[in-house]
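The values are calculated or read from the model by the stated rules, or taken from the named source; none is laboratory data. These numbers were taken from a predicted model, which means no experiment stands behind them. As a convention, Cβ positions derive from the backbone with ideal geometry for all residues, glycine included, and neighbour counts pool all protein chains shown. These accessible areas exclude ligands, DNA and RNA; they are computed on the full protein's heavy atoms, side chains included. Shrake-Rupley method; radii C 1.70, N 1.55, O 1.52, S 1.80 Å.
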Amino acid sequence: VQLQASGGGLVQAGGSLRLSCAASGLTFNRYIMGWFRQAPGKEREFVAAINWSGGITSYADSVKGRFTISRDNAKNTVYLQTNSLKPEDTAVYYCAADRSPVVSTTARPYDYWGQGTLVTVSS
């Protein structure tokens, strides 16, 4: 199984980035997909998750109204549209896949992880 995250970069505060995570080696439409992030010196934290059909989503309070998670099962890809970025959004963003039937906001249930993509927001 491979999860390849991309789309990170350097952006000014208030800007936007679209992160992508391409999955291979798994039956993508059977997995809940999540995004987590880890800032320097901090623990990994939940950002957003989406169920297999895209009909159920969950967001961390810190990103609600600014970030949108979506998926394209035909392309085996999950996206995270990040808008109105703030310096505190600076982190390595990881995508993850979870085979369980319920969307989780904790890292433990997720079976597979990507390598991460760095988002840096300047003030």
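List of remarks:
- Inter-part distance where the range 73-105 and the range 1-41 are each reduced to a Cα centre, Å: 5
- Counting only lysines at least 8 places from Lys42 when in the same chain, those with an alpha carbon closer than 20 Å to its own are Lys86.
- Antiparallel DSSP beta bridges within the chain, percent to nearest 5: 90
- Å² of accessible area per residue within the chain, as computed with a 1.4 Å probe and no ligands counted: 51
- Peptide ranges 85-96, 100-111, 35-46 listed from the most packed, as the mean C-beta count within 10 angstrom indicates: 85-96, 35-46, 100-111
- Counting protein heavy atoms only, the chain has 47 percent of its accessible area on carbon and sulfur, 1.4 angstrom probe.
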